[in-house]
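K.L.:
Let me give you the structure first, and then I'll get to my questions.
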Amino acid sequence: MENINKNLPRYVRVNAGIATHTSAMHTELHQRLYDLVSEPDKLKLHLTDGLLKGWRVLIDQELDLNRAQRASELTAQMRKWDDKRNGLLTQLFTDIRNNAHSPITTLREPGEKLLTLVRSYKGIQTEMVEAKSAHVDGLLMDLAKFPTETTTLKLTMIIDELKTSNGKFGELSKQRVVNRSKRKISAMKQLRPMTDEAFYEIRGHIEAAYILATDDADRSLIMELVDAINRLLASYATTRKSSKAQQNIAKQMELESNHKLIDPLLPKLAASVGLSTDGLTFTGRTKLHNKETRYEMQVNSTGKKQWARLVGGELIFVKTRTSGRGNGKAKIKPKDKKQPHDGNLPSEGKQLNEEKRPASDKSNDGNSDASNHEGKPNDGKGHGSASVTPKI
């Protein structure tokens, strides 16, 4: 073997493995690695057609699985937007109905107009999603004909959110149809390690090919290829870190948006429950309950937390259910305990005898019951004598 040029390293090495990426980024990285490796003469890299073909097959399976996963992800996103759309519809109808029955004329009159309109859309939340989208579009067009009424009842925010949600749902629905995959392929969790192992095997061949190369030209070619692979791996690792940072930024932006919406409404909510205007704080936590977004509040003086929701552009506390224990309203009926008797319970015998006593006997209630009736024969009407011993 010829001596290696002193300007060339004694060996080359791919410095990193495949970092943990999302499924899409993992597949894209392997695709670009394959393009780099398959370009030079495979004989100089000590690669065979079988090695490259096996790697290519695994990459193609990842591509198919990503399309299937994308369709599944779209379904989950569509469900999220549909739930939000249903919550907005419920809130819209509830606000209109409540205002239509308001004793305040300026609220009742526009409420009655809009109530007549939305009655034709009753039950829209339970319709099939395709029909629902079309009916929501129709509802939005009808509401647009009553700008004064919707503004008076502070429904503009709900209507805008409903329009956005319906539009997002429609976009995702079209995208899912286009991207739907009919192929049944293996799970990505099983497939990704196999694709990585195929690359690691090829990487080993390339590193060995540098040592076995017989001239500087081949060594230079392999060194440049390894440098390109290392740069590609490093760039994807950096992109992954950047993606995590972007997700954190998105969460922070959502939090700031919620504070911007909720914080101005806190003084009025605090006053409605007898607190000072700065007595409540929005914790930043939200949740979706019965297709409606709720916001967690904290009482500053006690630290107690409670959920609130938006109704007509204002915050109201969500009523919490209380159990039946200790409120004095639960009625518990004890089970009757059967005791030996000759046809009647002692209490029944006592009551019946009292009812059948003559008026003259009842006038002697001041005397002992036992003394008045001691030794008195049965009246023969089917009721035996009974004595009741009171508990001491």
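K.L.:
Can you pull out the residues in the range 9-57 that are assigned to a loop (DSSP other than H, G, I, E, B) and among the small types (Gly, Ala, Ser)? Before you say what the answer is, go through the steps one by one.
P.N.:
Initially, the range 9-57 is screened for residues assigned to a loop (DSSP other than H, G, I, E, B), giving 9-22, 39-48.
Correct list: Ala16, Gly17, Ala19.
K.L.:
Any idea which of Lys44, Lys6 is modelled with pLDDT of 90 or more, under 20 Å from Tyr210 (Cβ atoms), open to solvent by 80 Å² or more (accessible area, probe 1.4 Å) and of a type outside the set (A, V, I, L, M, F, W, C)?
P.N.:
Values: Lys6 fails: modelled with pLDDT of 90 or more.
Exactly one residue qualifies, and that residue is Lys44.
K.L.:
Further question on the same structure: Limited to the range 82-126, what total is found for residues that are open to solvent by less than 60 Å² (accessible area, probe 1.4 Å) and of a type outside the set (S, T, N, Q)? Give the steps one after another, and end with the answer.
P.N.:
Going through the range 82-126, the residues open to solvent by less than 60 Å² (accessible area, probe 1.4 Å) turn out to be 82-83, 85-89, 91-96, 99-100, 102, 107, 110-111, 114-115, 117-118, 121, 123-125.
Right, trim to of a type outside the set (S, T, N, Q) and you get 82-83, 85, 87-89, 92-93, 95-96, 100, 107, 110-111, 114-115, 117-118, 121, 123-124.
Qualifying residue count, the range 82-126: 21.
K.L.:
A further question follows. For the range 156-175, check the following and say yes or no: at least one residue is open to solvent by 90 Å² or more (accessible area, probe 1.4 Å), out of contact with any helix residue (DSSP H, G or I) (no Cβ under 8 Å at 6 or more places or on another chain) and at pLDDT 90 or above.
P.N.:
Looking through the range 156-175, at least one residue is open to solvent by 90 Å² or more (accessible area, probe 1.4 Å), out of contact with any helix residue (DSSP H, G or I) (no Cβ under 8 Å at 6 or more places or on another chain) and at pLDDT 90 or above.
K.L.:
Identify, from the list Ile18, Ile59, the residue that is at pLDDT below 90, open to solvent by less than 50 Å² (accessible area, probe 1.4 Å), in contact with a helix residue (DSSP H, G or I) (Cβ under 6 Å, 6 or more places away or on another chain) and among the aliphatic types (A, V, I, L, M).
P.N.:
Details: Ile59 fails: at pLDDT below 90.
Unique residue meeting the criteria: Ile18.
K.L.:
When only residues in the range 112-131 that are basic (Lys, Arg) and part of a helix (DSSP H, G or I) count, which is farthest from Thr90 (Cα to Cα)?
P.N.:
The qualifying residue farthest from Thr90 (Cα to Cα) is Lys113.
The values are calculated or read from the model by the stated rules, or taken from the named source; none is laboratory data. Note that the coordinates shown come from a computational prediction; the quantities given were computed from them, not determined experimentally. So basically every Cβ, Gly included, is an ideal-geometry build from the backbone, and we count neighbours across all protein chains shown. Each accessible area value is taken on the protein alone, full model and side chains, heavy atoms only, with ligands, DNA and RNA left out. Shrake-Rupley method; radii C 1.70, N 1.55, O 1.52, S 1.80 Å.
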